[in-house]
Amino acid sequence: MPRIDFRELLDFYRRELHDNFMAYWLKQVDWERGGVLNCLSNRGDKLLHEHKFVWSQGRFAWQCARLYETSVGEVPEETRKKYMDAARGTARFLMDHARIAGGGCAFVLSRDGRPIMIGDDGRERPIRPGEYYDYSTNADDFAYYGVSEYARVSGDREAYEWAKDVYQSLRQRIKAGTAHHDYPYPTPKGYKTHGTPMGLLEEAQELCRTAERFGDAPFAAELADTARQCMEDVMDLFVQPDKIVLEMLSPEYQPVDTLLGRYVNPGHTLEDMWFVIHQAMRLNDREVIDRAAEVTMATCRLGWDDEHGGIPQFCDRDGGQPKGPVPPELEREVMVHKVRNLWDKKLWWPHSEALYALLLVHEQTGSSEALDEYSRFHDYTFRTFPNPDKAVGEWIQIRNRRGEPEEAVVALPVKDPMHIVRAFIHTIQCLKRLTAKG
């Protein structure tokens with residue numbers, strides 16, 4: 001990629017976001033019942049099931065609400081109205097159906113909103129003795145994340161109170177030890193995971209903005225303190241002296257020389273570093289911004305596949321294929337299988353997160369190295385992931401190490417609606433600021 005023209009790049013991202021991605025996703029909206037139908041094939045051309053994962057529904061509500069807010073003058077008003085209608089319909093679907101007895105959110109709902117269980121074949125199955133519908137607090141997290149954003153943008157106080165109650169219920173259940181919160185990435189016994197402070201950092205700072213919107217000062221202050229503490233936990237506990245983030249540490253937050261203790265998730269790190277930078281910008285903490293920039297650049301260098309390009313799903317802390325022993329009692333752990341056997345998949349979402357993180361680092365630090373790295377990721381990403389069938393659009397999101405499409409499941413059996421759209425929303429705002437600087 002030659003010298004970057006930020007104005008041309010801004011126009012490029014606007015076209016990609018509205019004319020490609022959202023043109024695709026508006027076709028998947030369940031206008032009749034609310035929410036989005038995203039149990040789709042990797043190529044995006046076939047609906048496999050009508051189930052609604054609460055995880056995805058919350059994410060979709062967030063992106064549609066934020067699009068409505070940020071696209072003034074960029075798309076026709078009828079398109080903006082569709083964004084808000086989709087956000088409202090999805091938020092209302094969650095408010096009407098997601099919560100079950102005990103206060104938690106079911107992980108999967110039927111198209112009409114019934115809590116369901118699904119089998120390995122993706123079909124609905126009966127619930128078994130000892131099972132529960134609210135088997136992952138990730139459902140709660142994304143439910144309040146999305147409904148809160150809809151509330152902030154629309155001014156819907158009922159939606160705000162629902163999101164606040166879900167958040168507070170979740171915190172109480174976690175404290176009481178009654179929450180089920182590990183699916184789809186269970187944390188093995190004897191480890192602390194980076195995903196815990198990472199996720200709460202983003203969710204707390206976003207919910208804080210909504211609390212401020214509704215004049216709820218005590219709750220906003222609580223959330224601001226939570227976000228600050230999560231930022232510090234990430235940067236002080238999980239970032240290592242070589243600027244690499246380890247996904248799992250010992251209960252004392254020390255590195256462990258095992259397969260799980262050594263592996264790095266480059267996409268997680270890059271996503272989290274812009275979470276951190278957003279929070280540090282809010283606090284005007286230049287030291288943390290600079291440290292997060294160093295982690296971003298170190299991660300890009302560590303993860304880059306010199307042979308095939310792009311970054312893998314996982315790598316070793318020294319680069320390349322993850323390595324290290326596995327204690328016998330952990331051999332059957334889900335994460336051992338994923339790190340050992342799926343490490344070299346090239347996924348859509350880490351690359352979209354990298355594009356935004358690198359432009360943000362450049363904006364905040366003036367780093368020319370970040371722009372060079374951005375160019376490398378831009379060239380690979382837009383050469384590899386876009387669907388060649390323009391009639392379908394969007395991206396083919398799961399690839400093998402060589403960049404060839406694969407029909408596979410990474411976390412959920414869905415085509416995720418949010419990662420690229422959210423990254424592109426933020427990228428556009430960043431490019432607006434860069435072009436304004438001249």
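Summary table
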quantity: Loop GluC sites (Glu not before Pro), segment 1-45 (other Cβ atoms within 10 Å of the site Cβ: 10 or fewer; DSSP); calculated: Glu32
quantity: For the chain, the spread of Cα positions along each principal axis, largest first, Å; calculated: 58, 48, 48
quantity: Where chymotrypsin sites (Phe, Trp or Tyr not before Pro) fall in DSSP loop in segment 15-52, at most 16 other Cβ within 10 Å; calculated: Trp31
quantity: ³J(HN,Hα), Karplus 6.51/-1.76/1.60, whole Hz, each residue of segment 241-258, x for Gly, Pro; calculated: x, 8, 6, 9, 9, 8, 6, 9, 10, 5, x, 9, 6, 10, x, 10, 8, 10
quantity: Nearest-10 value in Å² for the accessible area of Asp5, using the 1.4 Å probe; calculated: 60 Å²
quantity: 222 nm mean residue ellipticity, helices alone, for the chain (DSSP H n ≥ 4; -39,500 (n - 2.57); rounded to 500); calculated: -17000 deg cm²/dmol
quantity: Carbon/sulfur fraction of accessible area - the chain, other protein chains in place, 1.4 Å, %; calculated: 47 percent
quantity: Probe 1.4 Å - accessible area at Glu331, Å² to nearest ten; calculated: 80 Å²
quantity: Residue order for Arg88, Arg422 - accessible surface, 1.4 angstrom probe, largest first; calculated: Arg88, Arg422
quantity: Debye, to nearest 20: dipole size of the chain, +1 on Lys, Arg Cβ, -1 on Asp, Glu Cβ; calculated: 700 debye
quantity: Full-extension gain in nm, Arg15 to Tyr185, via 0.36 nm per residue minus C-alpha separation; calculated: 57.8 nm
quantity: Solvent exposure, largest accessible area first (probe 1.4 Å, DNA, RNA and ligands not counted), of Asp318, Asp156; calculated: Asp318, Asp156
quantity: Å² per residue, accessible surface of segment 255-392 at 1.4 Å; calculated: 38 Å²
quantity: Helical segments meeting 20 Å axial Cα length and Kyte-Doolittle -1.0 threshold in the chain (DSSP H); calculated: 54-70, 137-154, 195-213, 217-233, 266-283, 286-303, 348-365, 419-437
quantity: Hull volume in cubic angstrom per residue (convex hull over the Cα atoms of segment 268-419); calculated: 140 Å³
quantity: Overall form of segment 135-289 per C-alpha gyration tensor (a/c, 1.5; a/b vs b/c); calculated: oblate
quantity: Global form of segment 162-237, assessed from the alpha-carbon gyration tensor, a/c cut-off 1.5; calculated: oblate
quantity: Per-residue SASA entry for Thr365, accessible area with 1.4 Å probe, Å² rounded to 10; calculated: 60 Å²
quantity: Shape box of segment 227-353 [Cα atoms, principal axes, largest first, Å]; calculated: 46, 36, 21
quantity: Accessible-area order (highest first, 1.4 angstrom probe) of the listed residues Leu237, Leu9; calculated: Leu237, Leu9
quantity: Solvent-accessible area per residue, Å², over segment 83-205 with all protein chains present [probe radius 1.4 Å]; calculated: 41 Å²
quantity: Reach of Lys27 by Cα under 21 Å, taken over lysines that are not fewer than 8 positions away in the same chain; calculated: Lys46, Lys52, Lys81, Lys82, Lys390, Lys415
quantity: Candidates per GluC sites (Glu not before Pro) in segment 222-271, loop by DSSP, up to 15 other Cβ within 10 Å; calculated: Glu252
quantity: Full-stretch length increase - Ala391, Glu232 - with 0.36 nm per residue and alpha-carbon distance subtracted; calculated: 52.7 nm
quantity: Potential lengthening between Asp121 and Arg402 on full extension [0.36 nm per residue; Cα-Cα distance subtracted]; calculated: 98.4 nm
quantity: Rounded accessible area per residue of segment 9-49, 1.4 Å, Å²; calculated: 44 Å²
quantity: Distance between segment 100-120 and segment 314-351 - C-alpha centres, whole angstrom; calculated: 30 Å
quantity: Shape call, segment 30-115: gyration tensor on alpha carbons, a/c limit 1.5; calculated: oblate
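The values are calculated or read from the model by the stated rules, or taken from the named source; none is laboratory data. Owing to the predicted nature of the structure, the values given are computational and were not obtained by experimental measurement. Note that we place each Cβ from the backbone using ideal geometry, even for glycine, and neighbour counts take in every protein chain shown. The accessibility values were calculated without ligands, DNA or RNA, using every heavy atom of the protein model including side chains. Shrake-Rupley method; radii C 1.70, N 1.55, O 1.52, S 1.80 Å.
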